[in-house]
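Where a number appears in this text, it was derived from the coordinates with a stated rule and is not lab data. Quick caveat, the model's predicted, so the values are computed rather than measured. Every residue, glycine as well, gets a Cβ built from its backbone with ideal geometry; the counts of neighbours run over all protein chains shown.
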Amino acid sequence: MRIRTAALVLALWVMAACGGGGDSLWAAPESTTTTAPAGTSETTLPPTSTSAPVTSTLPPMSTLPPVSPDGPACDPAPGGRIAYQHQSTDAAGIPVWSIRVVGADGTDLGTVLQATGGDYPFVKQPAWSPDGTRLAVLLNSLDAGSTIAILHCDGTVELAMPYLLIRTPSPVNLWIASPQFPTWSADGSRIAFVSSDGLFVVDPANSGLPFSLGLEGTPVPGRANWSPDGASLIVALDLGGQLDIYLVPIDGRAPVRLTDDPAADYQPALSPDGSSIAFRRGEEGGRIWLMAADGSNQRPLTREGTEAYQPAWSPDGTEIVYVAGDPSITRLRVIGIDGAGDRPLTPEGAVGEAEGWPSWTG
C-alpha cells in the first residue's frame, strides 16, 4: 500500500497567489454534519476500500484551560501584543525561522521560539488563542514532521499534532499533507487549518482525526477565519479558476461567494465583531481592501502602488496590522480602518530578512 508523504510546503507566507453584514450572516447552522474525502489519485487504498465519502457529526469540543502548569503567563503590553513570523539567513545562506512578538507601540517583546535546524527546522504562521495565552503555529519537528503545534509564551511546546489523518471508509486513514495556517475559534475549543487536502477543523485536546469540510483538491491559500458564533469560516478559495473570498459553513452546506473580481482576492481577516473583512486584492501593487462581512461596500484601505499583504485586526477593531514591502524585504505596518495613521511597526531588515502573518491579541 502506498500512502502519500507529507511534503515540505512553504506556506504562501508573503505572496499567496498571483498577485455591512447583519447578524443573519452568522445564523446558527441547521445541522452539524460534514463530509470527508476518501482519498485522491495520489493514494492507493486496499481493494476493500470504497470511494464513498464519510459523513461525521462534529462532536462537542473540549476547551483547553487558560494556562497549563508548564506555561507562564504572557507579558502584558499597552495596546496588545502582535506575534509574527520572522525569516533571516545564517552565514551559510540557510533560512532561519522564528516567532517574535512586538507591542502595538513597536516595543520588541522578544522571540518566542527560534527554529535552529535541530529539533525544529522551521516555525511559522502564529495565531493567538482567544485568551492570549498560547500560539498555534506551523511547526516542523524532526519527530513529527510538518504539523500544527501549540506554544506557550516561553516557547514551550504544549501540544503537537503529529499524526493528522483524513477519515476514510476503509480501516486505513490517510495522512493530511502539509497542514498549515492554524486559526482558533472564538471560544478556544477548535482550530481550523488548511492543507493541499482541503480545509479541516480539529479539537486541539483530541486531535486524532480532524473533520474535513469537503474541499478536497480545492486550493485554499492562507488562513481561515472563524465567524464569532463558530458556525462558519471565511477563506479564500479557487473555485472555477478564480481566487475569491468565500464563507464556508462547517455543517457541510455549499460555500457562499463574497467577492467576484478579476484580480485575485485572498488573505481574508474577519474583524473581532464579525462585521467587516480585510483582505488582499492582487491588483498591480496589491493593496489591503475592506468590505462588509456580506461582501458589500468594498473599498481600498492602503495606498495604491504599495505592496501590502496578510492583514490582521487589532482586538478593538479600530486598526489593522499588515505586511508591506518587496517579498524579499518585508516589515509590519499598522493603519487605522479609516486609512489614517499608517505607520511602521517593525524596522526594515536586510535583503532576505522578511516578516509575515501577524496575529494581534490584547
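Descriptive notes on the structure:
- Long-range amide H partners of Leu199 with built H, under 5 Å: Leu213, Gly214, Leu215
- Sorted by Cβ density within 10 Å, fewest first, the residues Glu353, Glu319: Glu353, Glu319
- Intensity falloff of segment 232-362 expressed as log10 I(q)/I(0), Debye formula with alpha-carbon point scatterers, at q = 0.12, 0.13 Å⁻¹: -0.45, -0.52
- For Leu243, nonlocal amide neighbours, meaning residues 5 or more places apart or on other chains whose placed amide H falls under 5 Å from its own, are Asp265.
- Residues in segment 292-300 carry Karplus couplings, in order, of 5, 5, 8, x, 7, 6, 7, 8, x Hz; the curve used is 6.51 cos²θ - 1.76 cosθ + 1.60 with θ = phi - 60°, and Gly or Pro positions show x.
- For segment 77-361, the equivalent ellipsoid derived from the alpha-carbon gyration tensor has semi-axes of 26, 25, 17 Å in decreasing order.
- Ranked packing of 247-254, 342-349, most packed first, by mean Cβ within 10 Å: 247-254, 342-349
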